[in-house]
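K.L.:
Pasting a structure here, questions to come.
Each value in this text was obtained by applying a stated rule to the coordinates, not by laboratory testing. Model, not experiment: these values are computed from the prediction. No Cβ is skipped: glycine too gets one built from the backbone with ideal geometry, and neighbour counts run over all protein chains shown.
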Amino acid sequence: MVSIAELERTIQDEKTEEIWASIDKDFLKDCEKHREWHNDFTKKEYHPMSYQVKKEVDEWEQSAPLFKEYEELQTTWLYICVGYMSVSLGIGILLVGYIFS
């Protein structure tokens, strides 16, 4: 006698073999070749389109005065924030010293 589990396992194995037999192996090989080509193409540091975009961005950064002004404004705000924090910390330390003395 054969158990139900063995029959189910046998049926499942037959279904799996049918699925594997129905796969088009030539199509899979073509897909694998295309995937390897795509990986090799995108592995390059700069493929043609990204090189063109990088070149345009570099030209814009050199010719745009707004970009330089933004950097100057950013450093100015940094100095203002550091100054404000220093003054606030100094006042806080003086007040704490006055309260506990």
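K.L.:
Of everything in segment 18-55, what is loosely packed, with under 10 Cβ neighbours inside 10 Å and either acidic (Asp, Glu) or in contact with an Asp or Glu (Cβ under 9 Å, 6 or more places away or on another chain) (or both)? Give them in sequence order. Before you say what the answer is, go through the steps one by one.
P.N.:
Of the residues in segment 18-55, the ones loosely packed, with under 10 Cβ neighbours inside 10 Å are 18-27, 39-43, 45, 48-49.
Once the filter is applied, which keeps residues that are loosely packed, with under 10 Cβ neighbours inside 10 Å and either acidic (Asp, Glu) or in contact with an Asp or Glu (Cβ under 9 Å, 6 or more places away or on another chain) (or both), segment 18-55 yields GLU18, ASP24, ASP26, ASP40, GLU45.
K.L.:
Counting residues that are within 28 Å of the chain's Cα centre (by Cα) and of a type outside the set (Phe, Trp, Tyr), which helices (runs of 4 or more DSSP H) fully inside the chain reach at least 1?
P.N.:
Fully inside the chain and qualifying: 25-43, 48-63, 65-100.
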